[in-house]
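K.L.:
Provided herewith is a single structure, encoded as structure tokens, for subsequent inquiry.
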Amino acid sequence: MKKSLLLLALLFTFASAGAQQFEILGGPSLTYIKYPTINSAFSNQIGGKSKIKPKFHIGINAIIPLAEDIREETSFYSSVGLFFAGKGYEINKPYEGALPLYTTFYQKGYGYSLDCPIHIGYNFQIADNFAIFVEAGATGSLGLFGKWKIQYTYKEQFTESAKGNYYDYTSANKCGFKRIDVALGGKVGVVLSNRITMGVNADFGILTLADYPKQARSRNYWLSVGYRF
């Protein structure tokens with residue numbers, strides 16, 4: 001993990017060298033995981049998504065100009081950020097398998113990660129003190145710490161419940177969530193007085209986070225308020 005932290009720090013430092021502006025921003029987040037329906041000879045999974053959990057994020061962006069439109073009303077730029085972000089999920093669904101041992105499956109977890117969004121943006125200068133921006137790109141995420149818990153009900157001639165304790169975020173157990181994630185997404189927002197920003201960010205994870213739920217992928221939405229200097 002130390003090497004990954006160093007890599008993210010070097011990437012942000014390198015990007016900052018050409019930055020024209022910096023932006024401090026943060027705000028609330030909505031986060032959950034989504035997983036598909038799977039049918040096989042040995043294992044079935046009812047697809048769906050976990051409950052949406054409210055979290056937060058805070059960090060800094062380096063804004064690098066790329067090109068200016070000939071009309072001088074719009075411009076391209078790159079935005080590279082480094083954020084401390086909360087993640088979370090909660091699953092409570094029936095379980096189906098080739099052998100009907102489990103009837104319900106409950107899993108809950110929370111974690112905190114270091115996120116590095118790299119976006120290409122297009123800025124529309126509507127008036128002297130008002131602009132609209134649109135961004136798209138990818139976000140690399142490194143899980144720092146967190147906990148997860150499992151509770152399930154199974155039956156084998158009788159019904160019995162079993163509860164798990166809280167375990168480390170990246171436990172060796174198959175249900176432990178992996179540290180590395182990559183998401184594709186974008187952001188839209190406004191800039192007021194060339195300083196104050198308000199935007200909405202959506203990220204859709206493309207890597208599998210755990211062995212169960214199978215093919216679970218992250219979904220994160222940020223509402224940000226920032227200040228450029």
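K.L.:
Given the conditions (1) touching a Ser or Thr at 6+ places or on another chain (Cβ under 9 Å); (2) at pLDDT 85 or above; (3) among the polar types (S, T, N, Q), which single one is not true for residue 161?
P.N.:
All conditions pass for residue 161, except number (2).
K.L.:
Consider the range 190-217. How many of its residues are surrounded by fewer than 19 Cβ atoms within 10 Å (Cβ to Cβ) and among the aliphatic types (A, V, I, L, M)? It would help to see each step written out before you state the result.
P.N.:
Keep residues of the range 190-217 that are surrounded by fewer than 19 Cβ atoms within 10 Å (Cβ to Cβ), which gives 190, 192-196, 198, 200, 202, 204, 206-208, 211-212, 214-215.
The next check asks that each one be among the aliphatic types (A, V, I, L, M); those that pass are 190, 192, 196, 198, 200, 202, 206-207.
Of the residues in that region, 8 qualify.
K.L.:
A further question follows. Filter the strands (runs of 3 or more DSSP E) completely within the range 1-116 down to those with at least 1 residues that are modelled with pLDDT under 85, surrounded by fewer than 18 Cβ atoms within 10 Å (Cβ to Cβ) and in contact with a helix residue (DSSP H, G or I) (Cβ under 9 Å, 6 or more places away or on another chain). If you could, list the steps in order and put the result at the bottom.
P.N.:
Numbers: elements: 21-35, 53-68, 74-94.
Because the criterion is at least 1 residues that are modelled with pLDDT under 85, surrounded by fewer than 18 Cβ atoms within 10 Å (Cβ to Cβ) and in contact with a helix residue (DSSP H, G or I) (Cβ under 9 Å, 6 or more places away or on another chain), no strands (runs of 3 or more DSSP E) in the range 1-116 meet it.
The values are calculated or read from the model by the stated rules, or taken from the named source; none is laboratory data. On a predicted model such as this, the values are computed, not experimentally measured, just so you know. When we count neighbours, we look across all protein chains shown, and the Cβ atoms used for this are built from the backbone with ideal geometry, even at glycine.
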